[in-house]
Amino acid sequence: MKLKIRHHTIYRYDTPVRDSIQYIRLRPRNTPQQRILEWDLSTPGDTSIVTDGFGNLVTVMSLDEPVDEIVLTARGVAELSGKPLLKDDAPFPPQVFLRHTNLTETDAALRDFAAGYSPNKRSLIRMMNRLREHIRFQPGATTVAHTAAEVFSQGTGVCQDHTHVFIACCRHIGVPVRYVSGYILADSEHLATHAWAEAFLGHNWHTFDVVNTMNAAESHIKLAIGLDYRDAAPVRGVRRGGGDEHMETRALVTGGQSGQ
């Protein structure tokens, strides 16, 4: 399947930003599951491309002149192979992904919930389905700073929150699991940017998309992986000045059968 992606993001500021460095993870890499046929990332300022510790392609953008908005546009075409995930697709052992972070720490309620499941695929699918029932999808209910424990308690969130809760539970029962950011072919535009998890079971990684209760990445384009959202965020950075920041983002994924 070939998928076309258009992703447009605007950051607006109350006062001009005088200096800014942004780390942009909006360049998907070729893997056995996806082949990038075309890709263009348009940014202001000076840029360079590096590979981070997780193997993600990162565009480092710096601005040294005052601006009151930053516009980022990514567009391209990817072809999905339908092949399963492999073992050796990260620069370090899967056990690295057992480490909790501030966003994926468990509390008593999460530990009690996770204790009812076992470190095997069938049990994790049941856990994924139960979490989707427990946490209602509600845009605007959380921010990127909400922790897994907070989301589990309030019972509402978006895809990054469902993923953080699933990750917290997996790590508690000894399953290495990583956060994935990317795109998905979806009916609704606001769902085109997406997050899901990949858990290491047996000898391979396995997909767990909690929001869509899917355990196969049939229409997913992977941008970046990490321990949590902060490692795989499409855009993160530092700036001097600017006051409050206002972000507007639109993403559209369209597709069809390979060769169409």
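A single entry from Arg18, Arg75 fulfils the requirement of being basic (Lys, Arg), in a strand (DSSP E or B), touching a residue at least 12 places away in the same chain (Cβ under 8 Å) and touching a Gly at 6+ places or on another chain (Cβ under 6 Å): Arg18. Taking Leu191 as the residue in question, decide whether it is modelled with pLDDT under 90, assigned by TED's automatic domain parsing to the domain that holds Ile135 and within 15 Å of the chain's Cα centre (by Cα). Here the answer is yes, as Leu191 does meet what is asked. With respect to (1) surrounded by 14 or more Cβ atoms within 10 Å (Cβ to Cβ); (2) at positive phi, the lone exception for Gly140 is condition (1). Does region 147-154 contain any residue that is in a helix (DSSP H, G or I), touching a residue at least 60 places away in the same chain (Cβ under 8 Å) and aliphatic (A, V, I, L, M)? Taking every residue of region 147-154 in turn, none turns out to be in a helix (DSSP H, G or I), touching a residue at least 60 places away in the same chain (Cβ under 8 Å) and aliphatic (A, V, I, L, M). Just to verify a result, which residue in region 210-260, among those that are under 24 Å from Phe152 (Cβ atoms) and among the β-branched types (Val, Ile, Thr), is surrounded by the most Cβ atoms within 10 Å (Cβ to Cβ)? Residue satisfying both the conditions and the ranking: Val210.
Scanning region 44-59 for residues that are crowded, with 16+ Cβ neighbours inside 10 Å, part of a strand (DSSP E or B) and not polar (S, T, N, Q) yields Leu57, Val58. Of Leu41, Leu86, Leu124, Leu37, all but one fail to be assigned to a strand (DSSP E or B), touching a strand residue (DSSP E or B) at 6+ places or on another chain (Cβ under 8 Å), of a type outside the set (Phe, Trp, Tyr) and in contact (Cβ under 8 Å) with a residue 40 or more places away in the chain; the exception is Leu37. Tell me, please, whether a residue that is of a type in the set (S, T, N, Q), modelled with pLDDT of 95 or more and surrounded by fewer than 18 Cβ atoms within 10 Å (Cβ to Cβ) can be found in region 156-177. Checking region 156-177: at least one residue is of a type in the set (S, T, N, Q), modelled with pLDDT of 95 or more and surrounded by fewer than 18 Cβ atoms within 10 Å (Cβ to Cβ). Summed over region 210-219, residues that are touching a residue at least 40 places away in the same chain (Cβ under 8 Å) and either in a strand (DSSP E or B) or not assigned by TED's automatic domain parsing to the domain that holds Cys159 (or both) total 0.
The values are calculated or read from the model by the stated rules, or taken from the named source; none is laboratory data. Predicted, not measured: the structure shown is a model, and the values here were computed from it. Positions of Cβ are backbone-derived with ideal geometry, glycine not excepted, and every protein chain shown enters the neighbour counts.
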